[in-house]
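Asks: So that we are looking at the same thing, I have put the structure below in structure tokens.
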Amino acid sequence: MKTNLKENNTEFFFESEDTVDIQIKNIPDENVELYKIIFDWNEKKTPKEIRLSFFNPCTDAYTHWDVKNHTPRFFAWHRDKSTESRLAKWMPITQLAAKSGKNSYTVALSDVKTPTKIAVTYHLYNKKAETYIAFFTSPIEPISHYEVTIRIDKRNIPYDKAIISARDWYSEMGYKNDYIPEAAKDSVYSTWYAYLQDVKAKDVLKECKIAKKLGMDTVIVDDGWQNKEILRDYSNCGDWIPAKNRFPDMRKFSDEIHALGMKFMLWFSVPFIGWDAKNFKKFEGKYLHEVHGIKANILDPRYPEVRRFLVDTYKKAVTEWNLDGLKLDFIDRFQANDIVNEEMDFHSVEDATEALLKEISTELRKINNDILIEFRQPYMGPVITTYGNMIRVWDCPNDSFTNRISITDLRLTAGKTVVHGDMIVWNNEDSNEGVAAQLYSSLFAVPQISVKLNKISPEHKKVLSEFLKFRNAHKKTLMDGEFTAKGPEANYSYTETVLNGERVSLSITTPVIKLREDITTDCFVNLSEETVVPVTGDKTDRKYEITDCTGKILARKKFRKNDAYVDIPYCGKIKIYK
């Protein structure tokens, strides 16, 4: 069936294989346009896909933004460039922005759980911007009634503030995280890229002794602790018993880490039960999917015994091993199939996944109210960040470009949840500046360092030490300050945070430092190829200090009357103060 409806001078075009009654209601709002869409069926049924499109004048549309940073930010003219959204994958926000950096058109959906696709594209025939939304793109539970609100923001405000405003809209609906331990903002040592699955307690302990001295306060032991051998698959996941040849006494190891003054987090691949696990037969008939490439099956959270098993596993681990937190991986693999039976207490995989996350958070906080829980892209939507306090960039090893862009995307969409960069790794033959570029690209997130610290060169250790010293000294501003990101079409050419008169900023293109009266301390990082940097604004009574990436002081002066430029090397910093 096809239906056209008009509301508030906007025409909406619907297309569906089902017969469904459709209503649209405009909700008055002084800042944005809100439309409630209502679908009604004459009986309960699993809905087939319903497609919606509507048009707006295509003006001042220079670049496109969505939550998937790997998508080129051009303004597409076909629907293929859509964002898939469901509870454990991305989120339904998309935007067109002007070359000036102002918002042109930001669209968001109130429903962040139901499988949906959303896109804003150029319609070649009517020369307008088409918003395209496909509802029910994966099976959901049988329903006879469905409501969703579409939020359209056309305000002439900075594009990043429009995105943050859309995310704040979700917080107003209740998707907000009210427990953010300060430890979630501490610098991290991760074992993953450094050791992969060949991780052992004795090696990690040696690394942590160095990491703590350098300024890292948390260690995450990743995949491998449960495997006797290096498998490169997940065939042994699901029993969660430490391998004796790697971690002979996990509680003793935990105590040794705590004695160093560090917190200890442990990795779990939540949905996976490996084919060689003792628990594999226990859950036969209670799997969503079989994945041959990783030799594991995906648990179905719609079964209460599955959720109980997972919650009990994490409670036992946190209690017996005195863990400070968990890295809970692969939540996005909870994806619907067409099977429903009476043993399930949920029909919807999305609802069951939310119930699982809520049960995990509730039960673990009874043990430790400041428990650390890390999730990562692409499971980074408002539901996910309600139950975790650390949201990490997805894997991009030795890729400072993707890491920096993804961090910025998450800063705009994570709400209060603390953003972590992907683990930072580098080649020992790299230059000091090459290492510094990796590190400072993660400046606006919590850095996770993943190299063998006992094998890096003394020069690289200086670079790392200087970075962590700088990052930890300005942690409050970096993590809690007002975040601004400019130049989305140029992969965020300039980013800054401001808090209580201090600003920390970073530029990757031709830099300019614009002094402000309300900023008493300016810390600027130069990741551009330009080393002669203009400084504008009132320099009266201002001093500055320039350092290279190793912390070596290159200049310490007071601005003179006619000074217009300063020399800042690649990956160097300047501190300007009164």
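Asks: Enumerate the calculated ³J(HN,Hα) couplings along segment 87-94 in order (Karplus 6.51 cos²θ - 1.76 cosθ + 1.60, θ = phi - 60°), each rounded to whole Hz, writing x wherever the residue is Gly or Pro.
Replies: 3J(HN,Hα) across segment 87-94, in whole Hz: 3, 10, 7, 6, 6, x, 10, 8.
Asks: Then there is this: Under a point-charge model restricted to the Cβ atoms of Lys and Arg (+1) and Asp and Glu (-1), what is the dipole moment magnitude of segment 267-337 relative to its Cα centre, in debye to the nearest 20?
Replies: Here the size comes out at about 180 debye.
Asks: In sequence order, what are the phi-derived ³J(HN,Hα) couplings for segment 489-504 according to the Karplus relation 6.51 cos²θ - 1.76 cosθ + 1.60 with θ = phi - 60°, rounded to whole Hz, with x for glycine and proline?
Replies: Values per residue, Gly and Pro as x: 5, 9, 6, 6, 6, 8, 9, 8, 10, 10, 7, 6, x, 10, 10, 10 Hz.
Asks: On to the next question. Quick one, can you get me the convex hull of the C-alpha atoms of segment 41-156 expressed as volume per residue in Å³?
Replies: Once divided by residue count, the hull of segment 41-156 is 107 Å³.
Asks: Where the only charges are on Cβ atoms (+1 Lys, Arg; -1 Asp, Glu), what is the dipole of the chain about its Cα centre, to the nearest 20 debye?
Replies: 1940
Asks: Continuing with the same structure: In nm, to one decimal, how far is the Asn427 label point from the Tyr577 one, both placed 7 Å along Cα→Cβ?
Replies: 3.8
Asks: Using mean Cβ contacts within 10 Å as the protection proxy, how do 472-484, 565-577 order, highest first?
Replies: Top to bottom by mean Cβ count within 10 Å: 565-577, 472-484.
Asks: Keeping all protein chains in place, calculate the accessible area per residue for the chain (probe 1.4 angstrom), answer in Å².
Replies: Per-residue accessible area for the chain comes out at 41 Å².
Asks: With each pseudo-label sitting 7 Å past Cα toward Cβ, what's the Lys2-Lys543 distance in nm, one decimal?
Replies: About 7.3 nm, to one decimal.
Asks: Turning to a different aspect of this structure: Considering the dipole of the chain built from charges on the beta carbon (Lys and Arg +1, Asp and Glu -1) around the Cα centre, which of Asn341, Thr417, Val219 is farthest to its positive end?
Replies: Result: Val219, furthest along the dipole toward the positive end.
Asks: Along the charge dipole of the chain, pointing to its positive end and built from +1/-1 on Cβ of Lys, Arg, Asp and Glu, which listed residue (Val199, Ser441, Ser457) has its Cα farthest out?
Replies: Ser457
Asks: What's the FRET efficiency of Lys244 with Ala490 using the Cβ-Cβ distance as r and R₀ = 45 Å, to the nearest 0.05?
Replies: My answer for the efficiency is 0.30.
Asks: Moving on. Antiparallel DSSP bridges in the chain: what percent, to the nearest 5?
Replies: 75
Asks: With each run of n ≥ 4 DSSP H residues scored as -39500 (n - 2.57), what mean residue ellipticity at 222 nm is computed for the chain after dividing by its residue count and rounding to the nearest 500 deg cm²/dmol?
Replies: -7000 deg cm²/dmol
Asks: Report the calculated FRET efficiency for Thr46 and Met173 (r = Cβ-Cβ distance, R0 = 30 Å), to the nearest 0.05.
Replies: 0.75
Asks: Short version: ³J(HN,Hα) in whole Hz for each residue of segment 555-569, in order, from phi by Karplus 6.51 cos²θ - 1.76 cosθ + 1.60 (θ = phi - 60°), x for Gly and Pro, what are they?
Replies: Each residue of segment 555-569 in turn: 7, 9, 9, 10, 4, 8, 3, 9, 5, 10, 9, 10, 9, 10, x Hz.
Asks: If you don't mind, another one. In 5 Å bins starting at 0, how do the alpha-carbon pair distances of segment 271-346 split up by percent?
Replies: For segment 271-346, the pair-distance distribution reads 3, 14, 24, 25, 18, 11, 4, 1.
Asks: Rounded, prolate or oblate, given the Cα gyration tensor of segment 109-161, with a/c below 1.5 counting as rounded?
Replies: Oblate, because a/c is 1.5 or more while a/b does not exceed b/c.
Asks: How many angstrom lie between the C-alpha centres of segment 334-383 and segment 86-149?
Replies: Here the two parts' Cα centres lie 24 Å apart.
Asks: Taking segment 7-94, which chymotrypsin sites (Phe, Trp or Tyr not before Pro) meet the DSSP loop condition and have no more than 12 other C-beta atoms within 10 Å?
Replies: Phe74, Trp77
Asks: Å³ per residue of the Cα convex hull, for segment 398-458?
Replies: For segment 398-458, the hull spanned by Cα atoms encloses 73 Å³ per residue.
Asks: Setting aside same-chain residues fewer than 8 positions from Lys358, which lysines have a Cα under 25 Å from its Cα?
Replies: Once the sequence-local lysines are set aside, what remains near Lys358 is Lys89, Lys113, Lys176, Lys185, Lys263, Lys282, Lys286, Lys315, Lys316, Lys327, Lys366, Lys416.
Asks: Amide H to amide H under 5 Å from Gly325: which residues, 5+ apart in sequence or cross-chain, H placed 1.01 Å off N in plane?
Replies: Close amide H contacts, sequence-distant or interchain: Phe264, Leu266, Leu372.
Asks: Among 137-145, 22-30, 323-331, how do they line up from the highest to the lowest mean number of other beta-carbon atoms within 10 Å?
Replies: The peptides rank, most packed first, as 323-331, 137-145, 22-30.
Asks: With a point put 7 Å past each Cα toward its Cβ, work out how far Arg155 is from Arg308 in nm, to one decimal.
Replies: 4.9
Asks: Also, I was wondering about something else. Taking all protein chains as present, what is the carbon and sulfur share of the accessible area of segment 139-228, in % to the nearest whole number, probe 1.4 Å?
Replies: Heavy-atom surface of segment 139-228 belonging to carbon and sulfur, 1.4 Å probe: 51 percent.
Asks: Suppose every Lys and Arg Cβ carries +1 and every Asp and Glu Cβ carries -1, with no other charges. What dipole size does segment 351-451 come out with about its Cα centre, to the nearest 20 debye?
Replies: The calculated dipole for segment 351-451 is roughly 400 debye.
Asks: Along the positive direction of the dipole of segment 447-540 (beta-carbon charges: Lys, Arg +1; Asp, Glu -1; about the Cα centre), which of Val535, Thr497, His474 reaches farthest?
Replies: His474
Asks: Please compute the Cα-Cα pair-distance distribution of the chain with 10 Å bins starting at 0, giving whole percents from short to long.
Replies: Histogramming the chain at 10 Å steps yields 3, 16, 25, 25, 18, 9, 3, 0 percent.
Asks: Just the projected area, averaged over all directions, of the convex hull on the alpha carbon atoms of segment 1-74: how many nm²?
Replies: The orientation-averaged projected area of the Cα hull of segment 1-74 comes to 7.4 nm².
The values are calculated or read from the model by the stated rules, or taken from the named source; none is laboratory data. Everything numeric in this text was worked out from a predicted model, so none of it was measured. Reconstructed Cβ throughout: ideal geometry from the backbone, glycine too, with neighbour counts over all protein chains shown. Areas reflect the complete protein model, heavy atoms only, side chains present, ligands, DNA and RNA absent. Shrake-Rupley method; radii C 1.70, N 1.55, O 1.52, S 1.80 Å.
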